[in-house]
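The values are calculated or read from the model by the stated rules, or taken from the named source; none is laboratory data. It should be emphasised that the depicted structure is a prediction, and the values quoted were computed from it without experimental measurement. Cβ placement follows ideal geometry from the backbone for every residue including glycine, while neighbour counts extend to all protein chains displayed. Accessible surface areas use protein heavy atoms only, side chains included; no ligands, DNA or RNA. Shrake-Rupley method; radii C 1.70, N 1.55, O 1.52, S 1.80 Å.
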Amino acid sequence: DFKVYKADYEETDAFKVTTEKGAIPGAYSIQVNSLATTELEVSQGYEDKSSTGVLAKGTMTVTYGGTETELTIDDDHSSLTKLAELIDDIEGISAYVLDTGASSDPYKLVVQGEDTGEDNSIEFDTSGLTSAGTVPSFSEQRAATNAELEINGITVVDSDNSISSAVPGLDIELYQTTSSEENVTVSLDTDKVESNVQSILDAYNTVIGFVDRQQVVL
């Protein structure tokens, strides 16, 4: 428990490295190739966002992270705003109507996943919408992707931008990509070790002093 390690590296906006118990001392080169992202989907434009009857009615299936959710678009939910509310109720997804300010068809339905990683993609099945009205279609503005970095030239892939399982005792938070390697040195934090030992000694001396005082009283 007295072995406390620290990570020394040139300050960078690209990532942050912190150490925990069990860190392995040594030199590490880190290069961030890509960040983990959430998926973003956008519908075609609409002239009206609130009126019912704009959208085709029936059933619509939204798949997020491999989990399917069937939505029922009836008379009361056949507006763009109501569809956004239905999708927003799906766990892990947020949805809203964006006003682009365009002179025609300014309203678009924006759907975004809350979890990063390529397994958290969003898919829409609108084949169950068969009545009169517009069937919503979506275009992918941003794909759900994994983070990729290189540690000592070895490629590491993770669904999150917080990497804690690659190297024992090393937590790496990714913020930006880098065009070259950054060097990180993990070594024993002697100042922290001395502080921890001194804390134990101080506590021990406090206890001994208390015991001595009790013996004098007795």
Here the qualifying pairs (Cβ atoms under 7 Å; residues six or more apart or on different chains; first in segment 61-74 and farther than 16 Å from E39 by Cβ; second part of a loop (DSSP other than H, G, I, E, B) and open to solvent by 40 Å² or more (accessible area, probe 1.4 Å)) come out as I73/K57; D74/K57
List the number of the failed condition for D89; all other conditions in (1) acidic (D, E); (2) touching a residue at least 12 places away in the same chain (Cβ under 8 Å); (3) more than 15 Å from K49 (Cβ to Cβ) hold. (2)
Limited to segment 104-126, what total is found for residues that are part of a loop (DSSP other than H, G, I, E, B) and under 18 Å from K49 (Cβ atoms)? 3
K57 vs. criteria charged (D, E, K, R), out of contact with any Pro (no Cβ under 9 Å at 6 or more places or on another chain) and open to solvent by 40 Å² or more (accessible area, probe 1.4 Å): yes
Filter segment 75-87 down to the residues that are surrounded by 12 or more Cβ atoms within 10 Å (Cβ to Cβ) and over 19 Å from E41 (Cα atoms) and list them by number. H77, S78
Any chance segment 26-34 includes a residue that's at pLDDT 95 or above, small (G, A, S) and crowded, with 18+ Cβ neighbours inside 10 Å? no
Residues located in segment 110-166, provided they are of a type in the set (D, E, K, R) and touching a Pro at 6+ places or on another chain (Cβ under 9 Å): none
Wholly within segment 136-191, strands (runs of 3 or more DSSP E) carrying at least 3 residues that are exposed (fewer than 15 other Cβ atoms within 10 Å of the Cβ): 138-142, 182-188
Across segment 103-135, which residue is farthest from V32 (Cα to Cα) among those that are among the polar types (S, T, N, Q) and open to solvent by 40 Å² or more (accessible area, probe 1.4 Å)? S131
For segment 88-101, which positions are open to solvent by 60 Å² or more (accessible area, probe 1.4 Å) and within 21 Å of T67 (Cα to Cα)? D88, D89, E91, Y96
Which residues, taken from segment 2-23, are in contact (Cβ under 8 Å) with a residue 60 or more places away in the chain and open to solvent by 80 Å² or more (accessible area, probe 1.4 Å)? F2, K3, E10, D13, K16, E20, K21
